[in-house]
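**Q** Below is the structure I would like to discuss, written out as structure tokens.
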There are 2 protein chains.
Amino acid sequence: MKLIFVTGNPGKFLEAKELLGKYGIRLEQADIEVTEPQSDDLEEVAVKCAEEALKKAGERFIIEDSGLFVNSLNGFPGVYSSYVHRKIGCEGILRLLAGSADRSAYFMAALAYGEPGSGVRLFTGRVDGNVATEPRGKSGFGYDPLFIPFGSHSTFAEMSIEEKNKFSHRAKALKAFASWFLKKYERK
Amino acid sequence: MKLIFVTGNPGKFLEAKELLGKYGIRLEQADIEVTEPQSDDLEEVAVKCAEEALKKAGERFIIEDSGLFVNSLNGFPGVYSSYVHRKIGCEGILRLLAGSADRSAYFMAALAYGEPGSGVRLFTGRVDGNVATEPRGKSGFGYDPLFIPFGSHSTFAEMSIEEKNKFSHRAKALKAFASWFLKKYERK
């Protein structure tokens with residue numbers, strides 16, 4: 001069955017397409033314009049974006065917001081990860097962490113599913129790990145060259161999409177969604 | 001005459017009250033809840049916030065958004081200055097600038113005036129200067145301990161409100177607004 005992913009980020013789309021394909025869900029990308037609210041709460045951002053997209057989308061869709069939360073930086077860059085990355089890049093995070101003994105961090109994803117006439121439902125995923133001491137790898141996007149998930153020695157940017165999906169926050173949220181979605185669909 | 005300043009920031013309120021008082025405008029603080037949109041454009045944020053506040057406010061008001069834009073950091077922290085300050089503080093900006101020859105930066109303020117039945121009007125102000133090598137002073141708020149405007153050797157946090165108002169982005173926007181507002185009011 002078909003599903004729309006509302007995103008302007010080709011990296012996110014490829015990861016979701018690979019994972020949901022395994023569940024028999026055929027993902028298509030749509031670039032519906034949505035104004036994200038300023039909020040420190042990732043889940044709130046995803047839900048509000050989904051509610052806005054719901055007004056414009058004619059069919060069921062998913063939309064996702066995610067961020068890197070570095071523990072010794074009070075969760076920075078967090079909800080504004082994408083903006084911060086555009087401005088100061090991976091290099092900026094490394095400079096902020098220079099000399100820091102605690103390099104622990106986590107990625108969070110908040111994935112909202114929207115269905116016209118039926119509302120919005122939220123799924124989340126989280127992966128814990130460490131920030132590398134230098135950028136490594138060329139795959140993925142954003143802070144992927146910096147993030148080493150627990151259970152691996154590679155950064156996300158050193159992994160194939162399939163390998164990243166074994167660890168990632170986004171994959172966890174997508175799996176939770178896919179299980180729920182397939183059950184719901186099978187009932188009908 | 002009376003005017004409402006929609007802000008939850010007591011520092012901003014005191015600066016505006018001092019300055020507008022000289023124009024015979026009596027400022028009162030109101031904490032109307034407004035969801036700021038995520039946008040890289042300060043003026044867009046101010047205008048959209050004013051449009052939202054306009055739906056809730058029963059009388060004319062001003063609302064203001066401002067940010068510190070560091071040139072060698074591509075304008076970071078910019079529109080998200082307040083969030084970034086909560087997370088990594090002045091210390092974070094200093095770490096990002098460690099060893100940087102170019103410490104130039106500017107503060108921008110976008111001030112929107114809203115009047116029920118008449119819409120929104122935007123005023124802006126900008127002050128250029130440098131980022132100090134360490135935090136200095138206790139006055140003000142946010143990045144004030146770091147910012148030395150051209151024409152002074154003191155940071156904003158080493159100045160009285162009256163002195164800061166001789167230089168600041170906020171004061172410039174407020175002055176532009178006050179001149180316009182008084183003319184408009186006198187005509188009626």
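**Q** Considering each of A:SER118, A:SER81, A:SER66 in turn, give the residue that is surrounded by fewer than 19 Cβ atoms within 10 Å (Cβ to Cβ) and small (Gly, Ala, Ser). Walk me through it before giving the result.
**A** Details: A:SER81 fails: surrounded by fewer than 19 Cβ atoms within 10 Å (Cβ to Cβ); A:SER66 fails: surrounded by fewer than 19 Cβ atoms within 10 Å (Cβ to Cβ).
Just a single option satisfies the conditions, and that option is A:SER118.
**Q** Tell me whether the stretch A:44-53 contains one or more residues that are surrounded by fewer than 17 Cβ atoms within 10 Å (Cβ to Cβ) and either without any contact (Cβ under 8 Å) to a residue 40 or more places away in the chain or out of contact with any Cys (no Cβ under 8 Å at 6 or more places or on another chain) (or both).
**A** Restricting attention to the stretch A:44-53, the residues satisfying the condition of being surrounded by fewer than 17 Cβ atoms within 10 Å (Cβ to Cβ) are A:44, A:51.
With either without any contact (Cβ under 8 Å) to a residue 40 or more places away in the chain or out of contact with any Cys (no Cβ under 8 Å at 6 or more places or on another chain) (or both) added as a condition, the list becomes A:44, A:51.
Yes: the stretch A:44-53 contains one or more residues that are surrounded by fewer than 17 Cβ atoms within 10 Å (Cβ to Cβ) and either without any contact (Cβ under 8 Å) to a residue 40 or more places away in the chain or out of contact with any Cys (no Cβ under 8 Å at 6 or more places or on another chain) (or both).
**Q** Name the helices (runs of 4 or more DSSP H) wholly inside the stretch A:1-106 in which the number of residues that are farther than 19 Å from A:ALA176 by Cα and within 13 Å of chain B (Cβ to nearest Cβ) is 3 or more. Can you show your working first?
**A** On the way: elements: A:10-21, A:42-56, A:81-97.
Output list reads A:42-56, A:81-97.
**Q** Considering the stretch A:119-147 alone, what residues qualify as being in contact (Cβ under 8 Å) with a residue 40 or more places away in the chain, in a strand (DSSP E or B) and not charged (D, E, K, R)?
**A** A:GLY119, A:VAL120, A:LEU122, A:PHE123, A:THR124, A:GLY125, A:VAL127, A:VAL131, A:PHE147
**Q** Has the stretch B:168-181 got any residue that is under 19 Å from B:GLU64 (Cα atoms), in a strand (DSSP E or B), in contact with a helix residue (DSSP H, G or I) (Cβ under 9 Å, 6 or more places away or on another chain) and of a type in the set (Phe, Trp, Tyr)?
**A** So far as the stretch B:168-181 goes, no, none of its residues is under 19 Å from B:GLU64 (Cα atoms), in a strand (DSSP E or B), in contact with a helix residue (DSSP H, G or I) (Cβ under 9 Å, 6 or more places away or on another chain) and of a type in the set (Phe, Trp, Tyr).
**Q** Still on this structure, please answer the following. Counting only residues that are of a type in the set (Val, Ile, Thr) and over 25 Å from A:ILE4 (Cβ atoms), how many does the stretch A:151-184 have? Break it down into steps so the answer makes sense when it comes.
**A** Of the stretch A:151-184, the ones of a type in the set (Val, Ile, Thr) are A:155, A:161.
Keeping just the survivors that are over 25 Å from A:ILE4 (Cβ atoms) gives A:155.
Residues flagged as of a type in the set (Val, Ile, Thr) and over 25 Å from A:ILE4 (Cβ atoms) within the stretch A:151-184 amount to 1.
**Q** Quick one: in the stretch A:143-153, of everything that is closer than 14 Å to A:THR133 by Cβ and not aromatic (Phe, Trp, Tyr), which residue is surrounded by the fewest Cβ atoms within 10 Å (Cβ to Cβ)?
**A** Only one residue fits best here, namely A:HIS153.
**Q** Now for a separate question. Condition test on A:PHE150, is it touching a residue at least 12 places away in the same chain (Cβ under 8 Å) and under 19 Å from A:ASP65 (Cβ atoms)?
**A** Working: touching a residue at least 12 places away in the same chain (Cβ under 8 Å): yes; under 19 Å from A:ASP65 (Cβ atoms): no.
No, not satisfied.
**Q** Have a look at B:LYS184, B:LYS166, B:LYS175 and point out the one that is over 18 Å from B:PHE61 (Cα atoms) and of a type in the set (Lys, Arg). Walk me through how you get there before you give the answer.
**A** On the way: B:LYS184 fails: over 18 Å from B:PHE61 (Cα atoms); B:LYS175 fails: over 18 Å from B:PHE61 (Cα atoms).
When all the criteria are applied, what remains is B:LYS166.
Residues are listed down the side, and each one gets a yes or a no for (1) in contact with a Leu (Cβ under 9 Å, 6 or more places away or on another chain); (2) within 17 Å of A:GLU36 (Cα to Cα); (3) of a type in the set (Asp, Glu):
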residue	(1), (2), (3)
B:PHE5	yes, no, no
B:ASN9	no, no, no
B:LEU14	no, no, no
B:ARG26	yes, no, no
B:THR35	no, yes, no
B:ARG60	yes, no, no
B:SER66	yes, no, no
B:ASN74	no, no, no
B:HIS85	yes, no, no
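Only the coordinates and a few stated rules stand behind these numbers; no lab work does. A quick note: this is a predicted structure, and the numbers were derived from the prediction, not measured. Cβ: placed from backbone, ideal geometry, glycine included. Neighbour counts: every protein chain shown.
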